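Peer 1: Shown below is the structure under consideration.
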Amino acid sequence: MASKQKFQAIRGTRDLLPPETALWNRVEQTAHEVFASFGFSEIRLPIFEQTDLFARAVGGETDIVSKEMYTFVDSIEELSEIPKIGEYGEFTKKVKELYTAGQIPQTADNLLGIQHMEAAWSRFTSIPPDTSASLDDLENVYQMTAFLDSMHFGPEVSLRPEATASVCRAYIEHNINQLPQPVKLYYMGPMFRRERPQKGRYRQFYQIGAEVLGGTDAPAIDAEVIEMVMTYFAKLELQGVQLDINSIGCKNCRPKYVELLRAELQKVKDKLGADSQRRIETNPLRVLDSKLEHEQPIIEKLPRIADHLCNDCKAHYAEVKRQLDLRGVQYRENWRLVRGLDYYMRTTFEITAAGLGSQNAVCGGGRYDGLVELLGGPPTKGIGFAIGEDRLILSLQESSRANVPRVAEMSASITGRAIVTGTLRSAVGPDVYIAWMGDRAQVTAIRAAKALRSAGFSVELPPVEQKFGKALGQADKLGAKFALILGDNEVSSGEWTLKTLADGSQQKLTESRLLDFLRKHVAESR
Ligand code: HAM
């Protein structure tokens, strides 16, 4: 007998269950609405892309690309079957063609594999045909198969760790630069990073992000993008929102600052931890991100980028701040905000929120002029952000738990009706629960459910007959607002019984009066 294996979600992934999913839907719906009001349109992107896209955009030395991507070699359809002995020659030719055309990654390993296969095949065919199979033959065949196994035929692909690279790839691929610029796009969906899971940090997590591509790099665009996230968070009544901003300069001024920083870090190298010591070489800016307690006083004494910006960057940053002021957006300047992806320049920002512990960044973003060009497109300005949706939800739930009276208010504003999150019971019960008994009543119940649903009400219709007492208990448990009671009497008389579950009152109504009544009273209770 097969053993009963118990399957579990993979570490760092999780199921999102009702009633929480209702909150996710409303958070997403609110994003659709707020972003549309700022002129953004939705883009839907693939979940996996060529690994090189992320390596080039995010940066090969970043943690995301060097350690955290889920990468695999895809297979090429034409080569999915291992050939029979006599077909190795043809097969090797095909492999070489695909390699030359760039369809098989042009790596040193693959080239070596092809050369070995060609050599083994030529040795194999040089054996006179009338010789019966010798050990040499078999050895050659074995070698060809072994080389095949070690080759990576398909393109290397990765589950997306973020979506900015994909948006830029799509912008280039579909010539979106031909449309009126700038183009404002937003997306939502799962991202994948192999990080150590903890509260607010998952291996599959969700982002809601937006990008503005093309047109000018006017600071008003930076400010409006930030204003949009802040408007969205305000609409959700997210608590403890703190916006940090910085400018990390451009390719003219940043390299000089990075060198200065590296030189200063070299002087204090011995006092730094292993990670920071490594970063002096790979990416000194990331040392500023360090959370290690003993490094803090050292970092505080390091030179600050604001003092080393070129005039253009200085003016751009000053204008971003003025534009934020004009919009009434409050911010804190944080010279240590450098962000962990390589494509940023000038404006960077991060937003934290209440109730998240150490993983408290709920949104990160910045300007990335030049990224589209780096990926093979025309010179293009770009700025955007991504919200960590898991953290956003967590923060909304945490603050609603801490402040229960606010819950109904907050949820009503998100949901249009009350969702009570967290430990409290889900209150999104059906509008009407139909309690029916008897075959004739079931026929009426099915018809009534159809009519009520098409009038826009949510209806729970039990699939099997239940005694009225049990059915009403069930209606109560589900949090239904009304129970429609249909027995033989109701069906014969055409007068249906409607029970209001909140106060237990009952009344008799005809079908058309029932609809009028519900339209009035359900709308009131939403
Ligand atoms: P990021 O800072 O890597 O930026 O991610 C943005 C947000 O995603 C973070 O602030 C956090 O809320 C959330 N996040 C990241 N990793 C995890 C994780 N393992 N678990 C849960 N949440 C996570 C980007 O991804 C850029 N593409 C943002 C951007 C768009 N910049 C310009 N345009």
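Peer 1: Take the conditions modelled with pLDDT under 95 and not in a loop (DSSP other than H, G, I, E, B) and apply them to N140. Does it pass?
Peer 2: yes
Peer 1: Something else about it: Give me the pairs: first residue in region 450-478 and in a helix (DSSP H, G or I), second residue among the hydrophobic types (A, V, I, L, M, F, W, C) and open to solvent by 40 Å² or more (accessible area, probe 1.4 Å), beta-carbon distance under 7 Å, and six or more apart or on different chains, which are they?
Peer 2: Hits for this filter: F468/M437.
Peer 1: Same structure, new question: Scanning region 1-20 for residues that are without any contact (Cβ under 8 Å) to a residue 40 or more places away in the chain and under 15 Å from the mean Cα position of the chain (by Cα), which turns out most open to solvent (accessible area, probe 1.4 Å)?
Peer 2: Looking at the filtered set, the residue picked out is D15.
Peer 1: Quick one: which of A120, A146 is closer than 19 Å to E90 by Cα, crowded, with 20+ Cβ neighbours inside 10 Å and not basic (K, R)?
Peer 2: Just one listed residue meets the conditions, A120.
Peer 1: May I pose another question? Which of the residues belonging to region 157-178 are near the ligand (Cβ under 10 Å from one of its atoms) and more than 11 Å from Q207 (Cβ to Cβ)?
Peer 2: Hits for region 157-178 are A165, S166, V167, C168.
Peer 1: Residue by residue through region 119-136, note down the ones that are modelled with pLDDT of 70 or more and part of a helix (DSSP H, G or I).
Peer 2: If the condition is that a residue be modelled with pLDDT of 70 or more and part of a helix (DSSP H, G or I), then A119, A120, W121, S122, R123, F124, T125 are the ones that fit.
Peer 1: Hey, can you tell me all the residues within region 494-511 that are modelled with pLDDT of 95 or more and part of a helix (DSSP H, G or I)?
Peer 2: Across region 494-511, there are no qualifying residues.
Peer 1: Being surrounded by fewer than 16 Cβ atoms within 10 Å (Cβ to Cβ) and either among the basic types (K, R) or at pLDDT below 95 (or both) is the filter here, so list the residues in region 22-47 that pass it.
Peer 2: Passing the criteria: G39, R44.
Peer 1: Here's another thing I want to ask about it. Any idea how many residues of region 473-493 are of a type in the set (D, E, K, R), open to solvent by 40 Å² or more (accessible area, probe 1.4 Å) and over 42 Å from the mean Cα position of the chain (by Cα)?
Peer 2: 1
Peer 1: While we're here: Can we say G200 is of a type outside the set (A, V, I, L, M, F, W, C) and farther than 20 Å from S37 by Cα?
Peer 2: It is true that G200 is of a type outside the set (A, V, I, L, M, F, W, C) and farther than 20 Å from S37 by Cα.
Every residue, every condition in (1) of a type in the set (A, V, I, L, M); (2) under 29 Å from the mean Cα position of the chain (by Cα), yes or no:
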{"position": "Q143", "(1), (2)": "no, no"}
{"position": "L148", "(1), (2)": "yes, no"}
{"position": "F153", "(1), (2)": "no, no"}
{"position": "V157", "(1), (2)": "yes, yes"}
{"position": "T164", "(1), (2)": "no, yes"}
{"position": "R169", "(1), (2)": "no, yes"}
{"position": "E173", "(1), (2)": "no, yes"}
{"position": "Q178", "(1), (2)": "no, yes"}
{"position": "L185", "(1), (2)": "yes, yes"}
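Peer 1: Would you confirm, using the coordinates I've provided, whether R203 is open to solvent by less than 30 Å² (accessible area, probe 1.4 Å) and among the basic types (K, R)?
Peer 2: no
Peer 1: So, one more: For residues in region 352-384 being near the ligand (Cβ under 8 Å from one of its atoms) and hydrophobic (A, V, I, L, M, F, W, C), which is most open to solvent (accessible area, probe 1.4 Å)?
Peer 2: The selected residue is A361.
Peer 1: Only residues that are touching a Phe, Trp or Tyr at 6+ places or on another chain (Cβ under 6 Å) and either open to solvent by 70 Å² or more (accessible area, probe 1.4 Å) or part of a helix (DSSP H, G or I) (or both): list them for region 76-94, please.
Peer 2: L79, Y88, G89, T92
Peer 1: Which residue out of L292, L261 is out of contact with any Phe, Trp or Tyr (no Cβ under 9 Å at 6 or more places or on another chain) and open to solvent by 50 Å² or more (accessible area, probe 1.4 Å)?
Peer 2: Criteria check complete, one pass: L292.
Peer 1: To continue, here is another question. Check region 207-223 and report whether any residue there is surrounded by 16 or more Cβ atoms within 10 Å (Cβ to Cβ) and more than 30 Å from K314 (Cβ to Cβ).
Peer 2: Looking through region 207-223, at least one residue is surrounded by 16 or more Cβ atoms within 10 Å (Cβ to Cβ) and more than 30 Å from K314 (Cβ to Cβ).
Peer 1: Quickly run through region 325-351 and pick out the residues that are closer than 22 Å to C253 by Cβ, more than 16 Å from the ligand (Cβ to nearest atom) and either under 18 Å from the mean Cα position of the chain (by Cα) or among the hydrophobic types (A, V, I, L, M, F, W, C) (or both).
Peer 2: Selection gives W335 alone.
Peer 1: A follow-up question, please. Is it fair to say E211 is over 30 Å from A36 (Cα atoms), within 11 Å of the ligand (Cβ to nearest atom), at pLDDT 95 or above and of a type in the set (D, E)?
Peer 2: Spelling it out, it is not the case that E211 is over 30 Å from A36 (Cα atoms), within 11 Å of the ligand (Cβ to nearest atom), at pLDDT 95 or above and of a type in the set (D, E).
Peer 1: Residues of region 415-437 being open to solvent by 10 Å² or more (accessible area, probe 1.4 Å) and either among the basic types (K, R) or modelled with pLDDT of 95 or more (or both), which ones?
Peer 2: R417, R425, W436, M437
Peer 1: Name the single residue, out of those in region 38-69 being part of a helix (DSSP H, G or I) and free of Cβ contacts under 8 Å to residues at least 40 places away in the same chain, that is nearest to I221 (Cα to Cα).
Peer 2: Ranking the qualifying residues of region 38-69, first place goes to A55.
Peer 1: Let me ask another. Can you tell me which residue in region 179-198 is nearest to T164 (Cα to Cα), limited to those that are near the ligand (Cβ under 9 Å from one of its atoms) and surrounded by 20 or more Cβ atoms within 10 Å (Cβ to Cβ)?
Peer 2: Step by step, filter region 179-198, then rank; the result is M191.
The values are calculated or read from the model by the stated rules, or taken from the named source; none is laboratory data. The structure displayed is predicted, hence computed values, not measured ones. Here the Cβ is made from the backbone with ideal geometry for all residues, glycine too, and neighbour counts use every protein chain on show. Note: accessible area is taken over every heavy atom of the protein model, side chains too, but ligands, DNA and RNA are not part of it. Shrake-Rupley method; radii C 1.70, N 1.55, O 1.52, S 1.80 Å.
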